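Below is one structure, written out as structure tokens; the observations come after it.
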């Protein structure tokens, strides 16, 4: 969810010295050449990624690092959200074994968004000259043009939560019916936004005057005819997503700009009429819609067999508080197209945490993973993912509505609500569009906190398989998406693709892992003379740590 705010000199100073220090890592000795990895095709962007084990891959060739001169700098730099330490590529577990060909397309996708920046233009141009089948050349490309920074939490710990997400399938139709009566909503016409960082600092905890300009609100120096009073004390001024979501009420002396409706308030309205929202499709189950909102995108299978793809368009501005879902009974799920026929989906209920803890570990995109007990043959399957894998078909008429009423009553405890937009002219094999504005690649795209990890940048992710799981995440990935609950330094949500296998892998991704970000050495050199608050070096007493590693003006900017 990009927002736009001006970059500040403070954030540029922060990146400058961090980058300068990173140049020191470029003078390290390259490892001895080893045989190149065998040829192999990359994973399809929208299809499921293979389980991430590199054990069978042959090591590749590492070429000498960049010839940029060593620059004296602190070895550690701190922002408000993370600590960054200089590292060498030889420290990366599995770096030599990773088949970088599978991620080269994802890197080229990042270039489509980043090449407008001076420090990225030469890198992206040079990448076009790298042989598409040469893993060793790709490895040398990254080692010669990037400096490696280990990401640490603010307490300097190395590990954080690594979760997974995927693109689900629901059944639906264009017209409302007695069964398909849950709307998949587009962005409401009565939803307005305002960037709180553009409000004068002295007024951010008081009442301001605003007026609408299209679907944005403009701050006024004083109340005037047609303006609305907006009490900012009623809003959370989040330094990550600075756009407040607002609705306008009243007129004249009673005109107010209020926080947009919560999920509970929306459910109490006559949707979609009361908010003027377009309906993209109708589905049979509010719980399945909720699950698609959690994932951020999905595909809806219509009665004629055609597929409507939808993706995140906007959110109601309230915090994401994921719920837990339990299965009433276990059912083997077959996605249409992968078996003779699709089975009817399960019925589901939402239960108290205590009642569900051992029976149905939730899969919520970005939520803290719930530890799962070992499976037994009779254990109910993970309900949220299983429902999505099978498609949200119409439940049996006799039992459809009673559980649905209970479900809707519980869903309102999560105040967040996602609105979608339709996706057209996208190949079925291509993944959904992430926050960076490029298609996600299964197995090579991750959602991150852009205050820590700049969007588009390469990230090395190392998350050994936890007990009871065969999935090992140890590879180069690309920060191309964000998520409502993806917050913190060592934090990533790993995109598995579309379909049954992707969903099963996403459900099993509950790892503790480590992360490194690759920063262009050209960017580091350009900013190396600036001052910054650091650890392990001179401290500029008049400068506070910024919040962004890279203040790009789109996804992370320093507030005044």
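Bear in mind these aren't lab numbers, they're just calculated from the coordinates by the rules spelled out. Just so it is clear, the model here is predicted, and its values are computed rather than measured. A quick note on method: Cβ atoms are made from the backbone with ideal geometry, for glycine too, and the neighbour counts reach across all protein chains shown.
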Label residue 304 and residue 429 with points 7 Å out from Cα along Cα→Cβ: what is the distance between them in nm?
2.6
Among 300, 194, 307, which comes first, second and so on when ranked by fewest other beta-carbon atoms within 10 Å?
307, 194, 300
Stretched fully, the stretch from residue 225 through residue 512 gains (0.36 nm per residue minus C-alpha distance, one decimal, in nm) 97.8 nm
Would you mind computing, in nm to one decimal, how far apart the modelled labels at residue 122 and residue 201 are, each placed 7 Å from Cα along Cα→Cβ?
3.6
Using only the Cα atoms of the stretch 408-461, build the gyration tensor, take square roots of its eigenvalues as a ≥ b ≥ c, and label the shape rounded, prolate or oblate: rounded if a/c is under 1.5, else prolate if a/b is larger than b/c, else oblate.
oblate
Given contacts defined as C-alpha pairs under 8 Å and at least six residues apart, what's the relative contact order of the stretch 192-259, whole-number percent?
35
The stretch 95-240: relative contact order as a whole-number percent, Cα under 8 Å and 6+ apart:
12
Neighbour-count order for 523, 119, fewest beta carbons within 10 angstrom listed first:
119, 523
Sequence of 275, 208 once ranked by neighbouring C-beta atoms within 10 Å, starting from the fewest:
275, 208
So for the stretch 140-242, using the alpha carbon gyration tensor with a ≥ b ≥ c as root eigenvalues (a/c under 1.5 gives rounded; past that, a/b versus b/c decides prolate or oblate), I'd call it oblate
Shape category assigned to the stretch 192-259 from the gyration tensor of Cα positions, a/c cut at 1.5
prolate
